[in-house]
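A quick write-up on the structure given underneath.
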Amino acid sequence: MGVLQEYIPPEKIQSILSAKKGKGYIIAGFLGAITPFCSCSTIPFLKGLLRAKAGFGTMMVFLFASPLLNPIIIGLFAVTFGLQVTVFYFVMAMGVSIIAGYTLEKLGFEQYIKPEAYIQPEAKGCGANSGCGQKKAPVSKWKKIWDTTWADFKTVLPYLIGGIALGSIIYGFMPTEFVASIASDDNPFAVPVAAVIGIPLYIRAEAVIPLSAALAAKGMGLGAVMALIIGSAGASLTEVILLKSIFKNKMIIAFLVVILSMAISAGYLYSFIF
């Protein structure tokens with residue numbers, strides 16, 4: 001992310017994600033779809049977009065779409081569940097991401113971004129004419145990339161450790177048999193239950209599809225499986241904790257509502273169509 005921020009001018013990012021006539025929202029969705037990020041890896045890129053002053057709505061589209069539509073999860077989806085289910089998942093995730101980003105911008109949720117999220121970390125060290133006593137060679141791009149990366153890393157590290165610890169405890173002590181038993185087709189509340197269960201689980205894209213396939217094999221309804229995948233991949237506990245360093249509480253709540261709504265609607269719609 002540090003390399004992208006250094007070599008792609010902020011003006012370019014801003015112009016792409018601020019395109020008129022709704023194009024920026026679609027571009028942001030597809031930008032999220034081609035970036036192989038899990039939910040937590042999206043946060044550093046989001047900070048870069050904030051510092052580049054890209055449009056709020058398009059940033060939110062990217063935030064929703066990136067972990068749900070990255071190439072890894074789409075590829076595994078196609079191999080595990082087939083092309084038809086994959087297309088349904090892609091259309092639902094992309095469509096809800098775009099609608100949610102547009103709606104949140106129109107409702108003025110940009111005011112719930114913390115002011116410090118816009119601040120660019122300052123690279124330490126003396127560059128040319130820096131007033132350090134003598135003239136030194138300019139700081140290299142790679143040195144600036146490292147300084148920015150290290151500053152961001154130190155900021156999010158406490159959130160990351162806490163989120164991974166909590167998510168791992170929940171993940172380790174929640175048997176798959178228990179999940180399948182409360183999320184079978186016989187339970188009318190299986191879809192919302194699966195969506196809610198998915199959020200505390202810290203699951204990377206590489207793991208969420210095989211886990212979901214195993215749950216389906218144990219009797220979990222496919223609509224509930226769809227909700228679990230969206231809930232776990234779209235809003236892990238760790239991501240929510242990391243977002244606390246960027247967003248105020250009302251924006252965090254709005255983010256969770258969007259992911260849960262997407263997971264539940266996709267689960268029920270999938271059960272109805274298929």
*Collect the residues in the stretch 246-264 that are of a type outside the set (A, V, I, L, M), farther than 14 Å from residue 196 by Cβ and open to solvent by 20 Å² or more (accessible area, probe 1.4 Å), keeping them in residue-number order.*
248, 249, 250
*asked:* If the requirement is being of a type in the set (Asp, Glu), at pLDDT 70 or above, surrounded by 13 or more Cβ atoms within 10 Å (Cβ to Cβ) and over 25 Å from residue 213 (Cβ atoms), which of these qualifies: 116, 105?
replied: 105
*Check whether at least one residue in the stretch 16-25 is modelled with pLDDT of 75 or more, more than 13 Å from the chain's Cα centre (by Cα) and not in a loop (DSSP other than H, G, I, E, B), and report yes or no.*
yes
*May I ask you to list the residues in the stretch 229-245 that are among the aliphatic types (A, V, I, L, M) and either in a helix (DSSP H, G or I) or surrounded by fewer than 22 Cβ atoms within 10 Å (Cβ to Cβ) (or both)?*
229, 230, 233, 237, 240, 241, 242, 243
*When residues of the stretch 70-102 are limited to those that are among the polar types (S, T, N, Q) and more than 17 Å from the chain's Cα centre (by Cα), the one surrounded by the most Cβ atoms within 10 Å (Cβ to Cβ)*: 86
*Please give the number of the condition residue 253 fails out of (1) within 15 Å of the chain's Cα centre (by Cα); (2) under 22 Å from residue 187 (Cβ atoms).*
(2)
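The values are calculated or read from the model by the stated rules, or taken from the named source; none is laboratory data. None of the values given here were measured: they were computed from a predicted structure. Backbone-built Cβ (ideal geometry, glycine too); neighbour counts: all protein chains shown. Surface areas here come from the heavy atoms of the whole protein model, side chains and all, with no ligands, DNA or RNA. Shrake-Rupley method; radii C 1.70, N 1.55, O 1.52, S 1.80 Å.
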